[in-house]
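The values are calculated or read from the model by the stated rules, or taken from the named source; none is laboratory data. This one's a predicted model, so the numbers in the text were calculated from it and none came from an experiment. All Cβ positions, even for glycine, are placed from backbone atoms using ideal geometry, and neighbour counts span all protein chains on display. Just so you know, the surface numbers come from the protein's heavy atoms only, side chains and all, with ligands and any DNA or RNA stripped out. Shrake-Rupley method; radii C 1.70, N 1.55, O 1.52, S 1.80 Å.
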Amino acid sequence: MKVVVIGAGYAGTLAANRLARKVKSAQITMISPRPDFVERIRLHQHIAGTGTAATPLASMLHRSITARIGTVEKIGDGTVALDDGGSIDFDYALLAVGSTVTPMHRTVPVGTWESAERARAALASLPSGATVTVIGGGPTGIETAAEVAGARPDLRVRLVGTSVAGSFSDAARQRIRAGLQRLNAEVIDDDVTEVSAGAGQFEGTVHLQSGAEFTSDLTLWAVVSGTPDLATRSGLEVNPEGRAVVDEFLRSVSDNRIFVIGDCAAVPGARPACQTATPQASHAANALVRLAQGRTPKPHSTRYVARAISLGRRDAVVQFTRRDDSVRRSFASGAAAVVLKEVASGGAKWVARIGPNI
Ligand SMILES: Cc1cc2nc3c(=O)[nH]c(=O)nc-3n(C[C@H](O)[C@H](O)[C@H](O)COP(=O)(O)OP(=O)(O)OC[C@H]3O[C@@H](n4cnc5c(N)ncnc54)[C@H](O)[C@@H]3O)c2cc1C
């Protein structure tokens, strides 16, 4: 069985490792644009200088997996074409290219490794008293604003977004806002319409929907939206957001040799998260094990337990959820939540490396 895994994030790495352990005869090639496994959920730490997000990919992969550094340009009929002109044939492919960002002009996005590197360098060069603006009221924006405020109390940090922490319960949302306030991160409940040019490389004026404006020495785009267009370019059926449409077994509805997992898969009821990507990856690997044994795959079902958000290194909020991801009233905060969040973050990397059945 020849298997090509496209994308070495949480989903691709877990699936490749699980399959390698379960099917010794599988010839697995992992394609990654860089020689590192990037812990995307630690990119805000990487930017603020409070943690590292890159681990050599070789140390994450089972010894039988062949790593190929490159980017897949197109998936064809049982073959993938790479940007270096090469191609690799497959019996099965795992499409795990994650999600991407479309930043507003004159902002630096936090959601990819390359842009996080730029943001880290720009932040490190800011003098005391400078203003950092983080755009995006979702978990990525909140975590980024809190991390920067905690690491650089000498800066003025502003988080701009509508419905900040909107996916949390009322009480958890208030707790998140209180945590941001404690870190002196100002929350501006508004929409950014434009960032116009300023004098310096990253300096600009942030214009808000309400008509207000202020200058910002560095503006970070913390909205994760969209999907790499590989599925679209390859002629696979996608939803309006560009995610590949899958059947109940996580196979592309256009080509049942291609399993789609993680942020780039359009799975009803699923949100982009490690908590989504890792069980999908485990499931897809199990499906390939069954196919290798001449059995039929089992359908996948999505389930959730919590949403965790860090507020710097000393505070966090963990919102407990029902199986269908609707929020419960209960949540944890403070030291207990810091431990839970760290277990979840470290655990996501650990399961990617070990490839358990989850
Ligand atoms: C700052 C931040 C904080 C977050 N915090 C949390 C959190 O606390 N909890 C949580 O559950 N989720 C969190 N998320 C979301 C989480 O990171 C994603 O849901 C998760 O990474 C999805 O895993 P994945 O394997 O689908 O994609 P990714 O981890 O994004 O991996 C996809 C990989 O595919 C590669 N790739 C893309 N195109 C190609 C191509 N054409 N060829 C080859 N390779 C390609 C990419 O470079 C990338 O390495 C956070 C995200 C960000 C940005």
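The residue that is surrounded by the fewest Cβ atoms within 10 Å (Cβ to Cβ), among those in segment 261-291 that are of a type in the set (Gly, Ala, Ser) and within 12 Å of the ligand (Cβ to nearest atom), is Ala273.
Kindly provide the set of residues from segment 52-76 that are assigned to a strand (DSSP E or B), touching a residue at least 40 places away in the same chain (Cβ under 8 Å), under 17 Å from Asp89 (Cβ atoms) and open to solvent by 20 Å² or more (accessible area, probe 1.4 Å), ordered by number. Step through it out loud before you land on a result.
Taking segment 52-76 and keeping what is assigned to a strand (DSSP E or B), we get 54-56, 66-69, 72-75.
Among the residues that remain, those that are also touching a residue at least 40 places away in the same chain (Cβ under 8 Å) are: 54-55, 67, 72-75.
Right, trim to under 17 Å from Asp89 (Cβ atoms) and you get 72-75.
The answer is Glu73, Lys74.
Just one of the numbered conditions (1) more than 21 Å from the chain's Cα centre (by Cα); (2) away from the ligand (no atom under 11 Å from the Cβ); (3) touching a residue at least 40 places away in the same chain (Cβ under 8 Å) is not true of Asn256: (3).
Filter segment 326-358 down to the residues that are of a type in the set (A, V, I, L, M) and either open to solvent by less than 70 Å² (accessible area, probe 1.4 Å) or in contact (Cβ under 8 Å) with a residue 24 or more places away in the chain (or both) and list them by number. Steps first, answer last, please.
In the first step, residues of segment 326-358 are kept if they are of a type in the set (A, V, I, L, M); the result is 327, 332, 335-340, 343-344, 348, 351-352, 354, 358.
Passing the criteria: Val327, Ala332, Ala336, Ala337, Val338, Leu340, Ala344, Ala348, Val351, Ala352, Ile354, Ile358.
When Gly78, Gly70, Gly86 are screened for being farther than 30 Å from Val195 by Cβ, away from the ligand (no atom under 14 Å from the Cβ), not assigned by TED's automatic domain parsing to the domain that holds Ser167 and not charged (D, E, K, R), only Gly78 passes.
Quick test for you: out of Val23, Val38, Val4, pick the one residue that is within 13 Å of the ligand (Cβ to nearest atom), more than 30 Å from Ala146 (Cα to Cα) and open to solvent by less than 30 Å² (accessible area, probe 1.4 Å). Lay out the reasoning, then the answer.
Working: Val23 fails: within 13 Å of the ligand (Cβ to nearest atom); Val38 fails: more than 30 Å from Ala146 (Cα to Cα).
Step by step, each of Val23, Val38, Val4 is checked, and only Val4 is within 13 Å of the ligand (Cβ to nearest atom), more than 30 Å from Ala146 (Cα to Cα) and open to solvent by less than 30 Å² (accessible area, probe 1.4 Å).
When segment 133-178 is filtered for residues that are of a type in the set (Asp, Glu) and open to solvent by less than 30 Å² (accessible area, probe 1.4 Å), the ones remaining, listed by number, are Glu143, Glu147.
Is it the case that segment 216-233 has a residue that's free of Cβ contacts under 8 Å to residues at least 60 places away in the same chain and of a type in the set (A, V, I, L, M)? No - not one qualifying residue is present in segment 216-233.
Within segment 189-198, is there a residue that is open to solvent by 50 Å² or more (accessible area, probe 1.4 Å) and not charged (D, E, K, R)?
Yes, segment 189-198 contains a residue that is open to solvent by 50 Å² or more (accessible area, probe 1.4 Å) and not charged (D, E, K, R).
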